[in-house]
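Structure first, commentary second.
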Amino acid sequence: MTHDVIIIGGGHNGLTTAAYLAKAGLQVLVLERRDIVGGAAVTEEFHPGFKNSTASYTVSLLNAKIIQDLQLGEHGLRVVERAMSNFFPLSDDNYLSFPVDSQDKYREFARFSKHDADAIESYERDLEAVADELRDLLLTHPPNPSGGIKDLLQLAKLGWKSRKRGEEFQRLILDMAGKSCATFLDMYFENDAIKAAYAFDGVVGALNSPHDLGTSYVLLHHCFGAVNGKKGAWGHAIGGMGAISDALASSARLAGAEIRTGVSVEEVVIENGRACGVRLEDGSVIRARAIAANVSPTMLFGTMVKEEEVPVDFYRRIKNFKCGSGTFRMNVALSELPKFSCLPTDGMGLHHTGGIVISPSIEYMDRAYLDARMNGWSQAPIVEMLIPSTLDDSLAPAGQHVASLFCQHFNYDLPDNKNWDDVREEVADRIIQTVNAYAPNFSSSIIARQIHSPLDLERKFGLPRGDIFHGQLSLDQLFMARPVLGHSDHRMPVKGLYLCGSGAHPGGGVTGVPGHNAAAVLIKDLK
């Protein structure tokens, strides 16, 4: 049997592509290397009785249109909002919180600065104005400057729309596109703890200092989402992030897609300049009219497609596609909740239900980055801890908990010929010590831990150099230039080969959008 489309990789974007293609009546086969679908959006048991989202760990960016189109709620997906947005321990006796309620948030900011409390409205209004404008660009591929009349008209439409919004809005777009998040936040706020709290979203998944140009866009990228219709909110998928992938797989299968796990693709078969199948690890070949790759561009053109099959300049640019997010992921099983010195509680407090971020100042964030650049990893890392079992009792035994630790900065390349396999335990200890400085019971409450160094993230989940976005969200790797200018429409320079993962527009995060957009292009080309 010859399939219409073979999808390499059963991550959430590959499953999204499969579901849309199958609903359009195409014969689809998904091939996943691991024994579980979902890529980095998976839930796994890492210690008897304890399971967690082992890589990606929180929900907001999953696009509402995809949830509706693929009826993910009917396939078991349920997302609950965090009871508190974020909590930032600052010292033994002080903290900053981001309550969900706007009035509570105003009062909390006013403890630090009346000026900054008054600035919340203008900051959030400006951020939302730009986010709304860019949301309209998410669900379609960007225009190709060297394309045909349709692309030129699309470019002209974008320019006219921006002109109608006026100079103030255009300046704001320029600020968000080019400034560092530290500089951008200086325009609104004066208190360093408040600026650092917002700046965290500017370095998430980015091996950057908050002073680096372009980090204001990374901040914006994390504002596109919503939870149950509430813009900018973050939440938890009941059952963990694997519940998203399971719902996508169920939707795809119901529409007729076939999904095989434990199948490793070695090579894209190309004949007469056209992709026409895949060669598996066992040497067998499966043929199709088109191939959609839900792997990073560097993996696709580094191992699966031979150099001579693509133009020289394209290959050179993909070879230099920047990857690396400075991420170290841990999951821990806990006998009890962490007890923070700055906010002692008897049992669960509201702050346990949100994102707990150790990143008390802009200087702290900058030092964590510089430390990783010079020495391989930060001695005082940025840590975001989520305890999803406070919202979902299916993840841990009664009275016990699981926590996700998303940590930065950790360089894929270590100095002095060190190897991540040799230092991962030492680094994990350093992260635990960092949390313990704010919650002294933390280390003694750990029953078990699961460690994912940058190298582990690459080997286990196929994330190049540990990059959670398949490639950095820098200005030269966004929109029309993702992954390479002239190929942002998901069509690769080999006919019949498409890119449907996070290396395509609009980039990383559990959004499903690259998969949605690639499916639309494939349906147009094949139908």
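The values are calculated or read from the model by the stated rules, or taken from the named source; none is laboratory data. What you are looking at is a predicted structure, and each value in this text was computed from that prediction instead of being measured. Virtual Cβ from ideal backbone geometry, glycine too; neighbours counted across all protein chains shown. SASA here: full protein model, heavy atoms, side chains in, ligands and nucleic acids out. Shrake-Rupley method; radii C 1.70, N 1.55, O 1.52, S 1.80 Å.
Computed over the Cα atoms, what is the radius of gyration of the chain divided by 2.2 N^0.38 Å, N being its residue count? Write out the running numbers ahead of the final one.
Details: Rg = 22.5 Å, N = 527, 2.2 N^0.38 = 23.8 Å.
Dividing the Cα radius of gyration by 2.2 N^0.38 Å gives 0.94.
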Span per principal axis, largest first, for the Cα atoms of region 361-496 (Å): 56, 41, 31
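For region 25-82, what D do you get in µm² per second when you plug the Kirkwood radius from alpha-carbon pairs into Stokes-Einstein at 4 °C and 1.567 mPa s? It would help to have the intermediate numbers written out before the result.
Numbers: Rh = 14.0 Å.
The estimated diffusion coefficient comes to 93 µm²/s.
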How large are Rg and Dmax for region 301-374 when calculated on the C-alpha trace, in angstrom? 21.8, 64
In square nanometres and to one decimal, what's the mean projected area of the convex hull around the Cα atoms of region 107-147? 4.3
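Sort 8-21, 113-126, 244-257 by the packing proxy (mean of other Cβ within 10 Å over each peptide's residues), most packed first.
Values: 8-21: 31.1, 113-126: 15.1, 244-257: 23.6.
Going from most to least packed, we get 8-21, 244-257, 113-126.
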Cα-Cα pairs in region 433-527 separated by more than 24 Å, as a whole percent of all pairs, come to 42
Using a 1.4 angstrom probe, figure out how much accessible area region 379-455 has per residue, in square angstrom, rounded to the nearest whole. 37
So who's got an amide H within less than 5 Å of the one on THR327, skipping anything under 5 residues away but keeping other chains? H placed 1.01 Å off N, in plane. PHE410
Percent accessible area from carbon and sulfur atoms, region 373-527, protein chains only, probe 1.4 Å: 48
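Could you rank the peptides 452-462, 266-276 by their average count of other C-beta atoms within 10 Å per residue, with the highest value first?
On the way: 452-462: 20.5, 266-276: 15.7.
Descending packing order for the listed peptides: 452-462, 266-276.
Summing +1 for each Lys or Arg and -1 for each Asp or Glu, what net charge is found among the other residues whose Cβ lies under 14 Å from the Cβ of LEU139?
Working: positive: LYS65, ARG135; negative: ASP69, ASP132, GLU133, ASP136, ASP489.
Counting the neighbours of LEU139, the net charge comes to -3.
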Neighbourhood net charge (13 Å Cβ-Cβ; Lys/Arg +1, Asp/Glu -1) for SER445: +1
Counting residues in region 1-117 as N, plug N into 2.2 N^0.38 Å and put the Cα Rg over that result. 1.55
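From the P(r) of region 287-434, could you give the percentage of C-alpha pairs in the tail past 25 Å? Present the calculation step by step, with values, prior to reporting the outcome.
Details: 5457 of 10878 pairs.
Roughly 50 percent, rounded to a whole number.
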Roughly how many Å is it from the Cα centre of region 410-437 to that of region 350-389, as a whole number? 14
Separation between Cα centres of region 214-262 and region 451-482, rounded to whole Å: 17
When the charge dipole of the chain is computed with +1 on Lys and Arg Cβ and -1 on Asp and Glu Cβ about the Cα centre, the Cα farthest towards its positive end, among ILE259, HIS221, ALA290, belongs to ALA290
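Seen from all sides and averaged, what is the projected area of the convex hull of the Cα atoms in region 363-432, in nm²? Could the numbers behind the result be given before it?
On the way: hull surface 23.4 nm².
The Cα convex hull of region 363-432, projected and averaged over all directions, gives 5.8 nm².
Work through the residues other than ASP313 whose Cβ is under 13 Å from its Cβ and net out their charges, Lys, Arg +1 and Asp, Glu -1. Mind showing how you got there, number by number?
Working: positive: ARG316, ARG317, LYS319; negative: GLU307.
In short, +2.
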Per-selection metrics, region 199-250 (Cα): Rg and Dmax in Å: 14.2, 43
Less than 22 Å apart at the alpha-carbon level, and either on another chain or at least 8 residues along: which lysines does that give for LYS114? LYS105, LYS195
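For region 1-87, report the accessible area per residue in Å² (1.4 Å probe, heavy atoms, rounded to an integer).
Details: 3000 Å² over 87 residues.
Averaged over the residues of region 1-87, the accessible area is 34 Å².
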What percentages make up the Cα-Cα pair-distance distribution of region 161-255 when the bins are 5 Å wide from 0? 3, 12, 15, 16, 17, 13, 9, 8, 6, 2, 0
Taking a probe of 1.4 angstrom, what is the accessible area of LYS319 in Å², to the nearest 10? 150
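I'd like to know how region 291-334 sits against the 2.2 N^0.38 Å rule of thumb: what's its Cα Rg over that expected value?
1.64
Please tell me which of these pairs span more than 29 angstrom C-alpha to C-alpha: LYS150/LYS306; LYS322/LYS524; LYS230/LYS495; LYS306/LYS524; LYS65/LYS179? Intermediate results must be reported in sequence, preceding the final value.
Numbers: LYS150/LYS306 32 Å; LYS322/LYS524 31 Å; LYS230/LYS495 41 Å; LYS306/LYS524 27 Å; LYS65/LYS179 31 Å.
Violating the 29 Å Cα-Cα cut-off are LYS150/LYS306; LYS322/LYS524; LYS230/LYS495; LYS65/LYS179.
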